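Asker: Please see the structure below; I have some questions.
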Amino acid sequence: FLFDEPLSNLDAKLRVQMRTEIKELHQRLKTTTVYVTHDQIEAMTMADKIVVMQSGRIEQVGAPLELYDRPANVFVASFIGSPAMNLIDGKVSGGMVDVAGARLALPPGSTAQDGQEVVYGIRPETFRVAAEGLTGSIAVVEPTGSETHVVLRMQGREVTAVFRDRVSFRPGESLTLAPDASQSHIFDKATGQRLA
C-alpha cells in the first residue's frame, strides 16, 4: 500500500485516532506499506523503518529510535524529535566543547579533535537545572500538562528544555542548564556529519 500524506487535512484529535487505526490495520494485514509524511510524529509512531530524505536524497535509514538516538547528521537531528534537538555551534578544546559561553563535556565515543568547529546537539528532555552550564534568560514557559517546555535565550540564540516534573519558572528569570553528555551529540560543522 502507498499512503501519501493521508492525515494532513485532519484535525489533531482525528489525526491521532486515524494513526492508530492505520497502524492496527498494517499489523493485522502484515502487508508492505510505504507511508509518505512530513510529520515526524507520524513517522516515529507508525514506522518499522524510516527513510529520512532531503531534496530527493536519502539522509538516513533506520528504526525510529535508532534515528532519534543516533542521527547521522544535523538534518536528521533537527528533523526527528519534537521539540527539535537544540543545535549550538561550538569548538572542541581540551576534551571539552566551548559553546555559548560554557564548557560542555564531549559525548562518549566522540571522534571530534581539538580545535575542530562542531555543532553540539542536545535533546530538550536531557537538560537538568545545574550550577554550571548554559545560562540564559527565560523567554517563554509553556505548560502542556504532562510536561513543561522552557525557552531560554542566551547570547543571541534560543534553547528549548523540557521538564517532566512541575516547575515554577517565570519569564525573565535567569536559568542555568546542563545537558546529559551521554545523550548529547556532536556533528562536524563543515559537513554536518555525526562525529562518533
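The values are calculated or read from the model by the stated rules, or taken from the named source; none is laboratory data. Only a predicted model underlies this, so the values are computations on that prediction, with no experimental measurement involved. Cβ placement follows ideal geometry from the backbone for every residue including glycine, while neighbour counts extend to all protein chains displayed. Only protein heavy atoms, including side chains, enter the accessible area calculation; ligands, DNA and RNA are left aside. Shrake-Rupley method; radii C 1.70, N 1.55, O 1.52, S 1.80 Å.
Asker: Only one residue in Gly62, Gly81, Gly90 is farther than 22 Å from Lys189 by Cβ and crowded, with 18+ Cβ neighbours inside 10 Å, so which one is that?
Answerer: None of the others qualify; the one that does is Gly62.
Asker: Another one. Does Arg70 count as within 22 Å of Asp39 (Cα to Cα), at pLDDT 95 or above and surrounded by fewer than 18 Cβ atoms within 10 Å (Cβ to Cβ)?
Answerer: Judged against the criteria, Arg70 is a match.
Asker: Only strands (runs of 3 or more DSSP E) wholly contained in segment 84-185 count here; list those with 3 or more residues that are within 25 Å of Tyr68 (Cβ to Cβ) and in contact (Cβ under 8 Å) with a residue 24 or more places away in the chain.
Answerer: Those strands (runs of 3 or more DSSP E) span 86-93, 102-105, 117-122, 127-143, 148-154, 157-163, 174-179.
Asker: In addition: Kindly indicate whether Ala130 is small (Gly, Ala, Ser) and either in contact with a Gly (Cβ under 6 Å, 6 or more places away or on another chain) or open to solvent by 30 Å² or more (accessible area, probe 1.4 Å) (or both).
Answerer: no
Asker: Quick check on Asp188: is it closer than 29 Å to Asp114 by Cα, of a type in the set (D, E, K, R) and open to solvent by 20 Å² or more (accessible area, probe 1.4 Å)?
Answerer: Yes; evaluated as a whole, the condition is true for this residue.
Asker: Pick from segment 37-59 the residues that are assigned to a helix (DSSP H, G or I) and open to solvent by 40 Å² or more (accessible area, probe 1.4 Å): which of them is farthest from Phe79 (Cα to Cα)?
Answerer: Thr45
Asker: Tally the residues that are open to solvent by less than 50 Å² (accessible area, probe 1.4 Å) and out of contact with any helix residue (DSSP H, G or I) (no Cβ under 9 Å at 6 or more places or on another chain), restricting the search to segment 168-180.
Answerer: Final tally of qualifying residues: 5.
Asker: Somewhere in segment 19-36, is a residue in contact with a Phe, Trp or Tyr (Cβ under 6 Å, 6 or more places away or on another chain), crowded, with 16+ Cβ neighbours inside 10 Å, outside any helix (DSSP H, G or I) and without any contact (Cβ under 8 Å) to a residue 40 or more places away in the chain?
Answerer: yes
Asker: Okay, moving on. Taking segment 137-167 only, how many residues are among the small types (Gly, Ala, Ser) and modelled with pLDDT of 95 or more?
Answerer: 3
Asker: Would you be able to tell me the number of residues in segment 1-18 that are in contact (Cβ under 8 Å) with a residue 12 or more places away in the chain, under 15 Å from Thr45 (Cβ atoms) and of a type in the set (A, V, I, L, M, F, W, C)?
Answerer: The qualifying residues number 3.
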